[in-house]
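The values are calculated or read from the model by the stated rules, or taken from the named source; none is laboratory data. Note that the structure is a prediction, hence the values are computed from the model and not measured. Virtual Cβ from ideal backbone geometry, glycine too; neighbours counted across all protein chains shown.
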Amino acid sequence: MSAPVREVGIGIVGYGIMGKAHSYAYTAAPRIRELPVRPRLRLMSGRNAEAVRAAARAYGVEETTGDWRALVDHPDIDIVDVCTPPGTHAEIVAAAAAAGKAVLCEKPLAADYATALGAADAVRRAGVPNAIGFNYRRLPAVSLMKRMIDEGRVGEILLFRASFLSDEFLDPSVPFDWRFERAMGGTTISDLGAHLIDMALWMVGDIADVSAQSRTFTTERVDPGSGRPRRVDVDEASSALVTFASGARGSFEMARTCARRPCDFWVEVNGTQGTLRFDYPRLNELLYGDAREDGSLYGMRVIRAEHESHPYAAQWWPIGQGVGYDASFINQAADLLERWLDGEWDPSIETGLRVQAVCEAMERSAEERRWVGVDEIAAKAL
């Protein structure tokens, strides 16, 4: 008889769309991959008692609480999974680490670098397993892109460019909520841009300097509680030029005012020997152009990132069936649970801090209308 599989108690802070995605991922992960531990959805917290109870019933979570601190302190919780607005992340991460709990935090790590640094310091002191939720890394095509870069398929990287567009802020009648308050929701740079910056750091390396611009088109929105207008202090559209420590150059665009763009992002790398491009609307495909091929084959080929030799693909469906958005979270949960015993999680909270520094450099550059060194951000926080 085989030994019983150990249960790992999961506590999810927050019951919105990310709470739903993470809950589903823990439920599905053991069905996709054989794991050394079994996740158990023990507790979910949220301020609205009725709403969190309804969410827990739907997501398969056993119990609820109105106090996230009670979740952190619960003796049966091994992993604290933070799925709340960005402005609340750092405090919860620090408390979970101090309680000796492993922690997974949705991006961005915080609404500003200084607060993110406090959370990262708490995790370092505690020495607990920790991760930041850059789930798009776990899409097979994106992981394949990273692997091909590491294999030298595009040669030395010269350029990186990326764009993330949505239309969620386009309508000026959308009422004020936490997304329009920088201290709680962070900026568009740190919300959408964090994913792109993470991919850039992962694929190319450290970013040295940035030059950014930002614009808020609807500067006031009506507060549904008071009926009065409130000032919007987040950017609705931003773009940036960057220089990498390697000497490569890059560009980014992040905007939430693009009509009929629901959640469209793409990343492209150009090297001395080839090009790779990923477009999220076609998330099972990777475009690849090899400059060493015969000229008669000039152009970009489509790689279906579903072959069993590709990252994650062998654990999913037969070639041709593809995966979706949910697979990124399921692969994330499976990776973390698979490494539960050794505690080496990736990307870590430290990665979230590195991304936060670049986000803040872009924010400062847009405000001060100058090139900003990423090292300025860390130096100011000391």
Practice item. Please go through segment 148-183 and pick out each residue that is β-branched (Val, Ile, Thr) and closer than 16 Å to Val222 by Cβ. Key: Val174
**Study point:** Residue list for segment 278-290, restricted to those being within 19 Å of the chain's Cα centre (by Cα), assigned to a strand (DSSP E or B) and free of Cβ contacts under 8 Å to residues at least 60 places away in the same chain
**Key:** Asp279
Exercise for review: Answer with yes or no whether Val234 is touching a Ser or Thr at 6+ places or on another chain (Cβ under 7 Å), part of a strand (DSSP E or B) and within 23 Å of Ala90 (Cβ to Cβ).
Suggested key: no
Practice item. Would you mind telling me which numbered condition in (1) over 22 Å from Glu151 (Cβ atoms); (2) in a loop (DSSP other than H, G, I, E, B) Cys359 fails? Key: (2)
Practice item. Restrict the check to segment 341-357 and report whether at least one residue is outside the structural domain of Lys20 (by TED's automatic domain parsing), farther than 18 Å from Asp121 by Cα, over 18 Å from the mean Cα position of the chain (by Cα) and exposed (fewer than 15 other Cβ atoms within 10 Å of the Cβ). Key: yes
Check your understanding: Can you tell me how many residues in segment 309-327 are of a type outside the set (Ser, Thr, Tyr) and part of a loop (DSSP other than H, G, I, E, B)?
Key -> 11
Review point. Are any of the residues in segment 306-328 buried (at least 18 other Cβ atoms within 10 Å of the Cβ), under 23 Å from Ala21 (Cβ atoms) and either among the aromatic types (Phe, Trp, Tyr) or assigned by TED's automatic domain parsing to the domain that holds Ala29 (or both)?
Key: yes
Check your understanding: Considering only residues of segment 256-277 that are charged (D, E, K, R) and in contact (Cβ under 8 Å) with a residue 24 or more places away in the chain, which is nearest to Ile189 (Cα to Cα)?
Key -> Arg256
Practice item. Name the residue, out of Leu165, Leu201, Leu196, that is within 23 Å of the chain's Cα centre (by Cα), more than 23 Å from Gly373 (Cβ to Cβ) and assigned by TED's automatic domain parsing to the domain that holds Phe244. Key: Leu165
Review point. Which of (1) farther than 29 Å from Leu336 by Cα; (2) outside the structural domain of Gly227 (by TED's automatic domain parsing) is the odd one out, the single condition Asn130 does not satisfy?
Key: (1)
Exercise for review: Out of Phe265, Phe278, Phe217, Phe252, report the one residue that is aromatic (Phe, Trp, Tyr) and either out of contact with any Leu (no Cβ under 9 Å at 6 or more places or on another chain) or within 23 Å of Trp371 (Cβ to Cβ) (or both).
Suggested key: Phe252
Study note, to complete from the structure: Scanning segment 326-382 for residues that are among the small types (Gly, Ala, Ser), within 18 Å of Ala131 (Cα to Cα) and at pLDDT below 95 gives Gly343
Point to revise | Number of the exception - Gly250 against (1) modelled with pLDDT of 95 or more; (2) not in a strand (DSSP E or B) | key: (2)
Revision key, fill the gap. Checked pairs for segment 98-110, first acidic (Asp, Glu), second surrounded by fewer than 23 Cβ atoms within 10 Å (Cβ to Cβ), C-beta under 8 Å and 6 or more apart or across chains, list as Glu106/Met18
Review point. Can you tell which of Glu293, Glu306 is free of Cβ contacts under 8 Å to residues at least 12 places away in the same chain, assigned to a loop (DSSP other than H, G, I, E, B) and among the charged types (D, E, K, R)?
Key: Glu293
Review point. If you go through segment 10-19, how many residues are surrounded by fewer than 18 Cβ atoms within 10 Å (Cβ to Cβ) and either of a type in the set (S, T, N, Q) or more than 19 Å from Leu139 (Cβ to Cβ) (or both)?
Key: 1
Check your understanding: If only one of Ala98, Ala51, Ala28, Ala56 is surrounded by fewer than 19 Cβ atoms within 10 Å (Cβ to Cβ), aliphatic (A, V, I, L, M) and more than 26 Å from Ala194 (Cβ to Cβ), which one is it?
Key -> Ala51
